[in-house]
Amino acid sequence: MSIYLWIIIGLAFVLLLGLITIYNDLIRWRNRVKESWADIDVQLKRRYDLIPNLINTVKGYASHEKEVFTQVTEARSRAMGAEQPHHKAEAEKGLSGALKSLFAVAENYPQLRASENFQKLQDELTDTENKIQAARRFYNGNVRDFNTKQEVFPINLVANSLGFKKAEFFELEEEEAKKAPQVKF
């Protein structure tokens with residue numbers, strides 16, 4: 001009788017150890033997703049910080065374009081206030097469109113395009129856009145792995161019973177994802 005008891009205790013221990021391992025693995029992946037979202041957030045904040053400087057530089061040359069400046073400022077505010085990846089993606093699309101309008105206005109002012117300050121801001125914005133794209137790819141890779149992990153048997157049983165939710169991808173529209181915002185002067 002005691003051998004059966006030891007076998008049951010041993011199986012219970014192995015099962016408990018397996019559950020703990022699965023749980024810790026899911027936590028590790030969820031934290032990777034959160035960390036990679038923070039990387040995107042850092043780059044987006046850098047972009048948001050560049051925009052007022054860009055607006056002020058363009059304003060100096062094209063002060064009568066108030067509607068464009070208002071659109072960019074409002075789009076920036078919406079993007080800064082968005083929390084969830086799908087809301088953030090929508091707000092970012094609006095901000096990219098507003099920035100395109102701002103750059104279209106700037107194209108009409110050759111003195112502005114020749115400005116060293118404007119060139120520096122343009123280079124920083126291009127660099128930031130590249131970093132956002134890289135951070136987005138990293139985040140979406142982590143989301144893919146985390147979500148896949150939750151779908152695999154037997155992990156799916158543990159993940160569902162412990163309330164783990166799938167993470168959202170940070171996706172732009174197909175058309176927008178293929179085109180980076182162009183900054184040409």
Cα-based helix-to-principal-axis angle, 116-151 vs the chain, degrees rounded to 10: 20 degrees
Sites excluded, trypsin sites (Lys or Arg not before Pro) in DSSP loops with at most 11 other C-beta within 10 Å, longest stretch of the chain: 1-164
Label selected from (i) 9, 35, 31, 17, 7, 1; (ii) 9, 29, 23, 15, 10, 7, 4, 2, 1, 0; (iii) 10, 41, 38, 10, 1, 0, the criterion being P(r) over Cα pairs in 10 Å bins from 0, in percent as computed here: (ii)
Ranking of 54, 19 by count of other Cβ atoms within 10 Å, fewest first: 19, 54
Over region 30-131, relative contact order from alpha-carbon pairs under 8 Å, at least 6 apart, %: 38 percent
Estimated 222 nm signal from helices in the chain, with DSSP H stretches of n ≥ 4 weighted -39500 (n - 2.57), rounded to 500: -28500 deg cm²/dmol
Region 2-178, relative contact order in percent, only Cα pairs under 8 angstrom and at least six apart counted: 33 percent
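Most exposed first by the Cβ proxy, i.e. fewest other Cβ within 10 Å, how do 70, 128 rank?
70, 128
Bear in mind these aren't lab numbers, they're just calculated from the coordinates by the rules spelled out. Just so we're clear, the structure is a prediction, and the values are computed from it rather than from any experiment. Every residue, glycine as well, gets a Cβ built from its backbone with ideal geometry; the counts of neighbours run over all protein chains shown.
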